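Q: My questions all concern the structure below.
The values are calculated or read from the model by the stated rules, or taken from the named source; none is laboratory data. What you are looking at is a predicted structure, and each value in this text was computed from that prediction instead of being measured. So basically every Cβ, Gly included, is an ideal-geometry build from the backbone, and we count neighbours across all protein chains shown.
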């Protein structure tokens, strides 16, 4: 994979502050599972790394390093009860319309129109930023999220990487 200059610049900046160099994750043994259901028969789960949370939940620490936490948001949560707290992407447009990074209303519309079978009842949000503990992410956070996805019979996941 050819390096992205943005990552090179970030690497230099964070290494100057004592962080280790970033290494791309490679998963050469990941199994490929064909998606053999129609969208109209499928339950779609939503996951976003945009730092979205409900007003009654603790916000993400926008300056955190290695924050492995996530928030569960019921997909029937009123839109005006959602907030965003994240410092690692330009979120000016997301503040105007959270659907840019957490398209909950768009998926509700797709469900109502019959484009998808259903929206999973729980969406997951993370406040990713400066995450260097990939092993901990894989062994701690991801299994918890997979349990949630499986318990709500999700067929597919729509991931928004903010």
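Q: Please determine, by comparing only the residues of region 49-68 that are part of a strand (DSSP E or B) and touching a helix residue (DSSP H, G or I) at 6+ places or on another chain (Cβ under 9 Å), which one is surrounded by the fewest Cβ atoms within 10 Å (Cβ to Cβ).
A: Quick first cut of region 49-68, residues part of a strand (DSSP E or B) only: 52-54.
This time we only want the ones that are touching a helix residue (DSSP H, G or I) at 6+ places or on another chain (Cβ under 9 Å), so: 52, 54.
On the way: 52: 28, 54: 17.
Result: 54.
Q: Of all residues in region 1-20, which are surrounded by 10 or more Cβ atoms within 10 Å (Cβ to Cβ), modelled with pLDDT of 75 or more and in a loop (DSSP other than H, G, I, E, B)?
A: Passing the criteria: only 19.
Q: Can I ask one more? If I filter region 112-134 for residues that are modelled with pLDDT of 95 or more and assigned to a helix (DSSP H, G or I), do I get at least one hit?
A: Yes, because at least one residue in region 112-134 is modelled with pLDDT of 95 or more and assigned to a helix (DSSP H, G or I).
Q: Residue 157: assigned to a strand (DSSP E or B) and farther than 14 Å from residue 69 by Cα, yes or no? Walk me through it before giving the result.
A: On the way: assigned to a strand (DSSP E or B): yes; farther than 14 Å from residue 69 by Cα: yes.
Yes.
Q: Could I ask something else about it? With the checklist (1) within 15 Å of residue 53 (Cα to Cα); (2) at pLDDT 95 or above; (3) in contact with a strand residue (DSSP E or B) (Cβ under 6 Å, 6 or more places away or on another chain) in hand, flag the one item residue 103 doesn't pass.
A: (3)
Q: Would you confirm whether or not region 1-10 contains a residue that is in contact (Cβ under 8 Å) with a residue 60 or more places away in the chain and closer than 24 Å to residue 133 by Cβ?
A: So in region 1-10, the residues in contact (Cβ under 8 Å) with a residue 60 or more places away in the chain come out as none.
Within region 1-10 (the criterion being in contact (Cβ under 8 Å) with a residue 60 or more places away in the chain and closer than 24 Å to residue 133 by Cβ), the answer is no, since none of the residues qualifies.
Q: Could I ask something else about it? What pairs come out if I take residues in region 144-162 that are closer than 18 Å to residue 49 by Cβ and pair them with residues that are exposed (fewer than 11 other Cβ atoms within 10 Å of the Cβ) whose C-beta lies under 7 Å away, six or more apart or interchain?
A: Close Cβ pairs (under 7 Å, with a partner that is exposed (fewer than 11 other Cβ atoms within 10 Å of the Cβ)) amount to 156/35.
Q: Sticking with this structure for a sec: Which number in (1) more than 18 Å from the chain's Cα centre (by Cα); (2) farther than 25 Å from residue 140 by Cβ marks the one condition that residue 100 misses?
A: Condition not satisfied by residue 100: (1).
Q: Any residue in region 139-149 that is at pLDDT below 85 and surrounded by fewer than 19 Cβ atoms within 10 Å (Cβ to Cβ)?
A: no
Q: Ok, one more. Exactly one condition in (1) at pLDDT 95 or above; (2) in contact with a helix residue (DSSP H, G or I) (Cβ under 6 Å, 6 or more places away or on another chain); (3) part of a loop (DSSP other than H, G, I, E, B) is not met by residue 76; state its number.
A: Going through (1) at pLDDT 95 or above; (2) in contact with a helix residue (DSSP H, G or I) (Cβ under 6 Å, 6 or more places away or on another chain); (3) part of a loop (DSSP other than H, G, I, E, B) one by one, residue 76 breaks only (2).
Q: What single numbered condition from (1) buried (at least 16 other Cβ atoms within 10 Å of the Cβ); (2) farther than 23 Å from residue 36 by Cα; (3) touching a residue at least 24 places away in the same chain (Cβ under 8 Å) fails to hold for residue 100?
A: That leaves (3) as the condition not met.
Q: Among what's in region 110-136 and is under 17 Å from residue 61 (Cβ atoms) and in contact with a strand residue (DSSP E or B) (Cβ under 9 Å, 6 or more places away or on another chain), pick the residue that is surrounded by the fewest Cβ atoms within 10 Å (Cβ to Cβ).
A: To start, the set of residues in region 110-136 that are under 17 Å from residue 61 (Cβ atoms) comprises 125-133, 136.
So of that shortlist, the ones also in contact with a strand residue (DSSP E or B) (Cβ under 9 Å, 6 or more places away or on another chain) come out as 125-127.
Details: 125: 28, 126: 24, 127: 27.
Per the stated criteria, the residue is 126.
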